[in-house]
Amino acid sequence: MTPKTPAQGPVLRLSGITKRFGNLTANDGISLSLARGEVVALLGENGAGKTTLMNILFGHYTADEGTVQVMGRDLPPGQPGAALKAGVGMVHQHFTLAGNLTVLDNVLLGTRPLLSLSSGRAEARARLAQLARDFGLAVDPDARVATLSVGERQRVEILKALYRDARVLILDEPTAVLTPQEADALFETLRKMTAQGLSVIFISHKLHEVMAISSRVLVLRHGKLVGEVATTDTDRHQLATMMVGAEITTPAPAKARPGAPLLTLEQVSTARHGERPGLTAVDLELCAGQITGLAGVSGNGQGALADLISGLETPTGGRILLAGEPVADWTPRAALDGRIGRIPEDRHKTGTIADFTLTENAVLESYATTATRGWMNWRDARTSTETIIDKYDVRCPGPDTRIRLLSGGNMQKLILGRVLEAAPRIILANQPVRGLDIGAVTYVQEQLIAARDAGAAILLISEDLDEILTLSDSIRVISGGRLSPAFPRGSKTPAELGQWMAGQGFNHAA
Amino acid sequence: MTEIVDILLSASFWAAILRIASPLIFATMGELICERAGVLNLGIEGIMVAGAFAGWMAVYAGAPLWVGVAAAMCAGMGFGAMHALLTVPFGLSQHVVGLGITMLATAAAYYAYRLALPEVTNPPRITPFQPLHIPVLSDISWLGQALFSQTALTWAGFATCGITAFVLSRTPLGLAVRAAGENPQAVEAQGLSVGAIRMGAVIVGSGLMAVGGAFLTMSAFSSFFFEMVNGRGWICIALVVFGTWKPGKALLGALLFAGFDALQIRLQQTGLGQIVPYQVFLMIPYLLSILALVLMSRRAEVPAALMTPFNRGDR
């Protein structure tokens, strides 16, 4: 796509937006404008201020300084209703759908006068069907949202905006939860929308997507607008450098030399919990000195597998073998005794206890075995925590700091240190770099590779296919609680893996 | 055994069910509206006391009966506004606020009673709502007595249930209320005010609870005395769960509970009452309610955002 020149003035103009949260300046005097039919990408690392800026535009936040104009008219600050009325629609990264309501009700919500006596469902249904046809957004209007896949929910979010005649659509990290095929379908929809004169702001930190869909790229770093380029005049390398402010090095692991299997699952199944699927007759072998990557769309059984390996979930069938020996009683203690190191998916909820100190958090997994006659060894604990702080470069005031005061990256480094210092034989790394800035990402990934080279068997769970492709010596795809066969490094393209992620191939592979 | 059959065949038994269920229906609909919007209103017990007093006092002071009902509703809405203010914009614990409102409203009603009637030992009576004579239907021999000898307030209770069901499932307002209880972020992202919807629901719901209380003084007992609400508010909280947050099912639950209650009163006067202490009969409706609650609510879908405060800045 080439940048189109606007027929009239810009559809949208942000001028000098500044937003502070306490000491943090999340947005620092940002200005941007958007022309009719244009896709502008907003690129930046986690915490660069992209989402804050869009939340100001949509009225979730009120800016401390600056104005928003839509079609040349000032938008009153802090009112999502006013933004919607002016033609701004937003697809939030965390969808804003009521799971217990139908698709139709979610779309209808707030579109009619509250005191009207009729729901207007009949007209809405027809209109929704028309929109779905026009933009290739097929979804059953009477389905309860909770029963839909993530890709379908995103379509509902887009339909919500289109139903309200949005002229500007904000998409916040829309592809984070999609398979490559679903992402292509989304891009197809976006092209149809821009062809009809809609303008799109596309928030992402994935460079190839930005290159594929946008006509112009704005780069945010630490709350400041650091660059603006036409997509045709730039490349991924330049964008990456602008985004991070320095050259990026991606880890390139040497060839793995896999050893004996350390953890084996034989035909293991687990129970379903509500909307979270269980595992169905899963075979998995984690070998020493090898990173096994688990690819898949979120919510396809990753949680069940992670909980199983952590010892939190008890299998309903099948066998678990540690270094070839079947384990009878599978508990968190058995997992720890089997020297399984666990980097949990959510470092705030399950990885740490927010109001405990670094020291207390560092000994959470070992206090029971290192205590002498029931008494804690606080001096040893403190010393070992100081070792972790030094060795893993945890930036903090000291081991007595409450961990909630640390940034996500530093919290993750402490968890990494806690896991690696215990010299685990098996490491479960569940989304180990999610939400970290690129420097921390590289560090964590390098540490995992070093642990692999030291002989650990690693299971890497990630929703980021690029991360899986970079780090994994062997790739398994999970879909609906089933595992694909193992694919050695380089044997499958992203598109082929995407088909597996979408659930194709499992029948004849079984 | 024949005694139970006799009870079931008597028209007064069925009339009693409708009468006992009426205050529960009002208050259950009130609680249901609050909870569908995401707010647990434990102020219900006290708000019913306040409604019982306010309605009765207004009529005792000379107001017409329906003005008494309006007075009760206003009192309930007042306490509801207090509850809403503390739990919605201030986001305080709904348990603490609710129990506080119950204590405050109960105490306020008793205090006002003592202020108004300092010398009285026997609570004065008012002329309550009289059974409404419905042409044709009330004249059917057995059925007329059993089902069509109720006061206008009882019929208003059934109408409230119908209106609640209609509004919740068929109107944009009801959709907004339900969405506020499921995912307030969804409501906000569609340009509506979560705070206004939730506060409105709590205030209206509290008004209905108070009317439920007023039924006791203005239709059932015709005077106000202490402890008269006697845990009915807590029963309504259970009825909402029993009804899986659906007005129709909650109405059935209220009728079922009232049925057990009417039955136990009558069983006390039978031969069985000579052998078994009456306290055992008093327990029956509660025991059966607990059983029914356990059986019915296993697959219940709780409003996902029930008891979750919503702050606009957080996400």
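The values are calculated or read from the model by the stated rules, or taken from the named source; none is laboratory data. All values reported here derive from a predicted model rather than from experimental measurement. Glycine gets a Cβ as well: all are built from the backbone with ideal geometry, and neighbour counts include every protein chain shown. When the accessible area is computed, the model is the full protein with side chains, heavy atoms only, and any ligands, DNA or RNA have been set aside. Shrake-Rupley method; radii C 1.70, N 1.55, O 1.52, S 1.80 Å.
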Quiz prompt | Exposure ranking of A:Arg144, A:Arg373, A:Arg164 by accessible area [1.4 Å probe, largest first] | solution = A:Arg373, A:Arg144, A:Arg164
Practice problem: Tabulate in residue order the Karplus-calculated ³J(HN,Hα) for the stretch B:143-156, using 6.51 cos²θ - 1.76 cosθ + 1.60 with θ = phi - 60°, rounded to whole Hz; enter x for Gly and Pro. | Solution: 4, x, 5, 5, 10, 10, 10, 9, 7, 4, 5, 4, 5, 4
Self-check item: Label-point separation in nm, B:Asn122 to A:Lys85, each point 7 Å along Cα→Cβ
Solution: 6.3
Quiz item: Any idea of B:Glu45's accessible area? Nearest 10 Å², probe 1.4 Å.
Solution: 20
Self-check item: Average beta carbon contacts from partner chains per residue of A:87-93, 10 Å cutoff
Solution: 1
Quiz item: Excluding same-chain residues fewer than 8 positions from A:Lys19, which lysines have a Cα within less than 27 Å of its Cα?
Solution: A:Lys50, A:Lys85, A:Lys206, A:Lys224
Quiz prompt | Eligible aspartates and glutamates near A:Lys391 by straight Cα distance, threshold 16 Å, same-chain separation 8 or greater | solution = A:Glu421, A:Glu446
Exercise. Sort all Cα-Cα distances of the stretch A:1-131 into consecutive 5 angstrom bins from zero, then give the percent of pairs in each bin up to the one containing the longest distance.
Key: 2, 9, 15, 17, 18, 15, 12, 8, 3, 1, 0
Quiz item: For the peptides B:104-112, B:265-273, what is the packing order when you average, over each peptide's residues, the other Cβ atoms within 10 Å and list the highest mean first?
Solution: B:104-112, B:265-273
Quiz item: Can you run phi through the Karplus equation (6.51, -1.76, 1.60; θ = phi - 60°) for the stretch A:202-215 and list ³J(HN,Hα) in whole Hz, with x for Gly and Pro?
Solution: 10, 8, 7, 10, 9, 5, 5, 5, 4, 5, 6, 10, 8, 9
Self-check item: Only Lys, Arg (+1) and Asp, Glu (-1) charged, at Cβ; the stretch A:115-174 dipole about Cα centre in debye
Solution: 180
Exercise. Pop out the carbon and sulfur fraction of the accessible area of the stretch A:10-244 as a percent, whole number, probe 1.4 Å.
Key: 50
Quiz item: Leaving out same-chain residues fewer than 8 places away, which lysines sit with a Cα under 19 Å from that of A:Lys349?
Solution: A:Lys413
Quiz item: Can you list the residues, at least 5 places off or on another chain, whose amide H is less than 5 Å from the amide H of A:Gly293, using H built in the peptide plane?
Solution: A:Leu460, A:Asp473, A:Ser474, A:Ile475, A:Arg476
Practice problem: Find how much the distance from A:Leu405 to A:Asp346 grows on full extension, using 0.36 nm per residue of separation minus their present alpha carbon separation; answer in nm with one decimal. | Solution: 19.6 nm
Practice problem: On a 0 to 90° scale, report how tilted helix A:150-163 is relative to the longest principal axis of chain A, with both axes built from alpha carbons and the result rounded to the nearest 10. | Solution: 20
Quiz item: Taking a probe of 1.4 Å, how large is the accessible area per residue of the stretch A:431-481, in Å²?
Solution: 27
Self-check item: Note, ³J(HN,Hα) from phi for the stretch B:268-273, Karplus 6.51, -1.76, 1.60, rounded to Hz, x at Gly and Pro
Solution: 4, 8, 8, x, 4, x
Quiz prompt | Solvent accessible area, Å² - A:Trp378, 1.4 Å probe, full protein context | solution = 120
Practice problem: Sort A:His208, A:His237 from largest to smallest accessible area, using a 1.4 Å probe on the heavy atoms of the protein chains. | Solution: A:His237, A:His208
Quiz item: What residues qualify as long-range amide H neighbours of A:Asn27, i.e. H under 5 Å apart, gap of 5 or more or another chain, H built at 1.01 Å from N?
Solution: A:Lys19
Practice problem: Order B:Ile25, B:Ile20, most accessible first, counting only protein heavy atoms with a 1.4 angstrom probe. | Solution: B:Ile20, B:Ile25
Self-check item: Interface area, A with B, accessible, probe 1.4 Å, both sides summed, Å² nearest 100
Solution: 2300
Practice problem: State whether the stretch A:349-418 is rounded, prolate or oblate according to the following rule on the C-alpha gyration tensor (a ≥ b ≥ c being the square roots of its eigenvalues): a/c under 1.5 gives rounded; otherwise a/b larger than b/c gives prolate, and the remaining case gives oblate. | Solution: prolate
Practice problem: Mind listing the long-range amide H neighbours of A:Leu169? Cut-off is under 5 Å, sequence gap 5 or more, other chains count too, H placed in the peptide plane at 1.01 Å from N. | Solution: A:Gly89, A:Ser199, A:Val200, A:Ile201
Quiz item: Any idea of A:Tyr443's accessible area? Nearest 10 Å², probe 1.4 Å.
Solution: 50
Exercise. Sticking with the crude label model, points 7 Å out along Cα→Cβ, report the distance from B:Leu272 to A:Arg127 in nm, one decimal please.
Key: 5.9
Quiz item: Distance in nm between label sites at B:Met103 and A:Arg272, each 7 Å beyond Cα in the beta-carbon direction?
Solution: 4.6
Quiz prompt | FRET efficiency estimate (nearest 0.05) - Cβ-Cβ, A:Asp64 to A:Asp355, R0 25 angstrom | solution = 0.25
